[in-house]
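Presented below is the structure to which this report refers.
The values are calculated or read from the model by the stated rules, or taken from the named source; none is laboratory data. Everything numeric here is computed off the predicted structure, so don't read it as measured data. Methodologically, a virtual Cβ is constructed for each residue, glycine included, from the backbone with ideal geometry; neighbour enumeration extends over all protein chains shown.
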């Protein structure tokens, strides 16, 4: 199923390590619901992969569960041991040992062409004039820590030998919220068998990796406030176009309001109050 | 060597992005039986839910960003420029296409940040869509955004500017919390009427007349540019109290310090209605 491949491939974007600290959001008064889930994929208004595994707490007690990435998210995705917990205005999810599946079986022609280009760059690493290498992406909106020369050579050797079977691996992905504070940590990620994983550090909340890409958006540390005041931190979100399809990996929500009585018809809830603005230092030439 | 490392790093990221793009496209165009979703006959439920026929994703690279510096003649005009709203404001979570109608033609894109986070007032809603005021020329420009791409909040505030009495009034949850004499545009450079919104809150050391500048979404109708900017109208302070109550500015609304203090607490996206009363 292609549904499976997107769910699996989503995780491959996490090719580095990042520590992301959330900005304050809103939380609502008790009783509140806290929750966490591992992966969810929606497309065409339908849940292709419902949030799973998942856990929630509605009375402040700590609820925990574990599991693996659901088979619907396979077969490209394997491993992925999950630990989830939700408690008193806090929730966390940890994913370890994620592996993105067989590269040869899944590589589309467009990707193969890019891989060939990358291999060519590696083959000419010692003598290729820098000017001949294309600047494909322009400046990335995140800080990318450069690998050392030794790491790069190791990566290139693996790439040229074809000595890799996985698109990406991730040792640990952790997402947590406590009240209106959230953290996202991605550790030990590598791609294409690279020995030189990219490090992404000090990434701001709601960071988009490809802000002008017409086809998809990739957002790290997406933060949002739900209609019931819940504060949600999504570790990684991949969306197609204007939202026709969206995949979320590792999500936590804290402080979500609970309807008072089960069975009552839920009244429309007004979105929470917008925040007072934080002044920005900059230039604002106006008519005076 | 570091340059080569950078390029290879970028290429690696691109590889992963392309894998996502290809897989996601296949996910959307095919359902679990492999049928083409775009050719599926629409059901009454689809129409009720606002599930419009699939369109090709808007090419954001070709669209103009709807900032205060942009002019968007294709934007649909605000049909009720003196009407209030229920206070709903939205923040784009990413760069979003702006459409001339729900599932219509994309004519611009809305960046999630310009003067800090972008917040826009909602002046209309349909299932899955919100219609917002824009910060670009011409005055009264509007556009539609997919609701799935925005965060929704509510502003309890409403700001009114009365050009005739040269006063500014701040309302909170429907009641007035203060009214102040202000300076408005001169007859040659009038403050434009209609509804606009608080676009930003800026500490601009390049000027000395106000501790803070609050740009609005509107622009001077008589000045294409001013002070190096695109003629953006703003709320701001003024060092000489004698101007308050006068029609003397180049379009901006100069307010007393007390009013400015209150205005700095008003959420971005809050509606500002300018009338001739």
Query - When residues of the stretch B:250-267 are limited to those that are in contact (Cβ under 8 Å) with a residue 40 or more places away in the chain and closer than 8 Å to residue B:237 by Cα, the one farthest from the other protein chains (Cβ to nearest Cβ) - result: B:256
Requested in this report: Pull up the stretch A:173-198, narrow it to residues that are part of a strand (DSSP E or B) and farther than 28 Å from residue A:254 by Cβ, then point me to the one that is modelled with the lowest pLDDT.
Outcome: A:191
Query raised in the report: Which pairs have Cβ atoms under 9 Å, sit 6 or more apart or on different chains, and link a residue in the stretch A:250-263 that is within 8 Å of residue A:35 (Cβ to Cβ) to one that is modelled with pLDDT of 80 or more and in a loop (DSSP other than H, G, I, E, B)?
Result: A:253/A:230; A:256/A:230
Query raised in the report: Across the stretch A:79-103, what is the number of residues that are crowded, with 18+ Cβ neighbours inside 10 Å, modelled with pLDDT under 85 and part of a strand (DSSP E or B)?
Result: 5
Query raised in the report: With (1) over 28 Å from residue A:223 (Cβ atoms); (2) modelled with pLDDT under 95; (3) more than 15 Å from the chain's Cα centre (by Cα) as the list, and residue B:73 as the residue in question, which single condition is left unmet?
Result: (2)
